[in-house]
Every structure is written in structure tokens, then in C-alpha cells.
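Following: one structure in C-alpha cells, then a few remarks.
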Amino acid sequence: MSRRYELDFCRICACLMVVMLHVAASGWFIDPALTEWKFFNFTDMAMRAGVPLFFMISGALFLEKEHLDIKKFISRNVSRLIYVYFIWSFLYQLVHQHVYHTYKNVSDFLVGVIKGPGHLWFLPAMIIVYLFLPVVHNALKGGSLNPKYILMLFVILTLLTTNLQLLPECPAIIKELCGKINLTHISYLGYMALGFILSQATYNRKFLVLAPFIYFITTVLSALGNQWLSLRDGKAGVYLYGYFSLPVFIQACCIFIFFQCLKNRNVKYPKALAYLSDCTFGIYLLHFMVLDFWQRRNISVSSFHPLASIPSIYLLVLCESIIIISILKKIPLLQKLV
């Protein structure tokens, strides 16, 4: 199967959006009546589609396969996400402990590792979705799925986690571990199915203009709507920010369709594009640590006007993340972690 370069473009775009989202969000918690907040609000609203796009890309890639070997899929994808989550969470907690001295003992530290930093919520969510992806694949391709697989998911994800937490004096580590199994993340399967469906359609050139136009109008109206609701309630709110809100759904569809219009087109620098696409996972994992590093040195989006601070801090965090990940990818033992 030839490489889907249009999905590489889309993945890079999604990564850039997530980084920008976190940069802008770092100064978002201020009075919504302030002019500065309006810049943060618009930027955040414009970047919300980044996370849904990652699920849509995975759906387009995995659901188009005629055959999905469950054992290989679990071992190569699910297991990798599990150990990447714990290793990167461990690194984040080490830094956190070094800077803030939060944890009093090893047990508290391990609970922190399981809980993980906020932006890593995406990995447990993707793990849950991946576990149920074979069910969707089976439904789409008309294959035969062993009912024992469904039973295994039921036993592990529901029965085991529910009853473990009922144990007398259940250790905090076990409770936190069970709490990471959030079955509401199954909803993201919808974005995976959407990505597959949209990737199978054919689009004419008018969508190269129409998709960005609809995205822009949706973003402006949604930002204004979120601003109005926040001013009404007298505090910064996330009313229209949800990944399943209609504005974000429309944004994700527009961006994904735009890049689908580039399907089968010649790419001038395919190796460079593929390399940048492969770096996006590592950039996602690392960028929050880089952002925190500069914030602790009083270099943040709040340091000066957002119109200048947002792009400046964004480029600083993004460029530094790319450089570090490029170095890590050259080290054999660390390649699988980024």
C-alpha cells in the first residue's frame, strides 16, 4: 500500500493545532471582558479540531485495511501506547517532583505516574478506542470476530475494574489505574468511522476553497458565541470547546476534507514530509514539558500582548520540540518512545 501523503499533511496540521491550543490555553484563565482574553478565546476555538483529526486519521488508515490481525494490532499499537504513556508520565512526574517537591513518598509518586500530566489523557483514550476498533472493522468488512474477544474486553474493562475498586482499603494505585479505564472514550470511535468514510469519498477542486471558508466562518461564529456566553456568566467558559460540539465537528470535517483534496497529488519532498509526520507523536508528547520549562522562567503568552506572544511562544516551543525529537529519533533505544 502506497503512503497516504494527504494524511501526513493532515497529521502535521493536527499536531500544530494541538501545540498552538496548549500555548494559547496557558493564558486563557483571565477575565473574559479583557481584550487579551478575546485573542486566547479565538485561538483556542480555531485549534479545537486537532484532537478529533488524530482519531479520524487512525480510522482512515486502519479501517481501510481488508484484514486486521487483532493480535498484531494489539501488540504493535495498543501495547506501544501503554508503555509510552507510563514512560513519559514517569518523566513528567520526575520533573514535577524536582521542581515542586509534590510527592512525599514513592507510593504517591507512582499514583502521580498513573494519573499522568493533563495532555496525556489522549493516550488512554486512544487505547480504549483501539481495543474496540476491531469490532468496527469487522462490521465494515463483514469479517468474523471471535465473541471471546468481546468477552475479554467486558471482563477486563468492566468486571475487573469495577470489582477491584470494591476491595476493602483498595490501594490508591489500583483505584487510579482503574480510573484510567474510561469507557466514555468509546465515543471517539465515531470520529474514526468518520475519517474512514470521508477518506473514501472523492472531492473536486471547489472543496479546496469551500472547506477553508466553512472552517473560518464556523470558527469566527463559535468564538463569538463562546465569548458571549462567557461574558454572560462573568467567567471564562468552554461552552463550545468540546470535541463533540457541533462547531468542532464541522471544523474537523472541513480540515480533513481539505487534505483529502490533495490525495494522489505529487509531493515535492516526500521524505521530508514523511519524516515530519513521524515526528508529530514525539512533539505531542514533549511540547508540554518545553512549554512548562519556559513558563517557569516567566516567558509565557502573558508576558506581553497575545497578538505577539502567542505566535512567539508557539514558535519557540514548536522549534525546540522538533529539534529535541529529531535528536531522540537518532538514538536507537529511544526511537520507539517518540
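The values are calculated or read from the model by the stated rules, or taken from the named source; none is laboratory data. Being a predicted model, the structure only gives us computed values, none of them experimental. In this analysis, Cβ positions are derived from the backbone assuming ideal geometry, glycine residues included, and neighbour counts consider all displayed protein chains.
When restricted to residues that are in a helix (DSSP H, G or I) and over 25 Å from His98 (Cα atoms), the range 320-338 contains 4. When Gln260, Gln251 are checked against the criterion of being within 18 Å of the chain's Cα centre (by Cα), under 27 Å from Met56 (Cβ atoms), modelled with pLDDT of 95 or more and crowded, with 21+ Cβ neighbours inside 10 Å, Gln251 stands alone in meeting it. You will find that of Leu276, Leu291, the residue that is in contact with a His (Cβ under 9 Å, 6 or more places away or on another chain) and crowded, with 18+ Cβ neighbours inside 10 Å is Leu291 and no other.
Just checking, does the range 52-64 include any residue being touching a residue at least 40 places away in the same chain (Cβ under 8 Å), buried (at least 22 other Cβ atoms within 10 Å of the Cβ), within 24 Å of Val317 (Cα to Cα) and aliphatic (A, V, I, L, M)? Yes, some residue in the range 52-64 is touching a residue at least 40 places away in the same chain (Cβ under 8 Å), buried (at least 22 other Cβ atoms within 10 Å of the Cβ), within 24 Å of Val317 (Cα to Cα) and aliphatic (A, V, I, L, M).
Restricting attention to the range 280-302, does a residue exist that is modelled with pLDDT under 95, part of a helix (DSSP H, G or I) and over 28 Å from His96 (Cα atoms)? There is no residue in the range 280-302 that is modelled with pLDDT under 95, part of a helix (DSSP H, G or I) and over 28 Å from His96 (Cα atoms).
Taking the criterion of being within 30 Å of Pro32 (Cβ to Cβ), among the polar types (S, T, N, Q), touching a Leu at 6+ places or on another chain (Cβ under 9 Å) and touching a residue at least 12 places away in the same chain (Cβ under 8 Å), would at least one residue in the range 254-271 satisfy it? Among the residues of the range 254-271, not one is within 30 Å of Pro32 (Cβ to Cβ), among the polar types (S, T, N, Q), touching a Leu at 6+ places or on another chain (Cβ under 9 Å) and touching a residue at least 12 places away in the same chain (Cβ under 8 Å), which makes the answer no. Screening the range 1-48 for residues that are hydroxyl-bearing (Ser, Thr, Tyr) and not in a loop (DSSP other than H, G, I, E, B) and picking the one that is surrounded by the fewest Cβ atoms within 10 Å (Cβ to Cβ) gives Thr35.
From the list Tyr243, Tyr239, the one residue that fits, being in contact (Cβ under 8 Å) with a residue 24 or more places away in the chain, among the aromatic types (Phe, Trp, Tyr) and over 17 Å from Arg4 (Cα atoms), is Tyr243.
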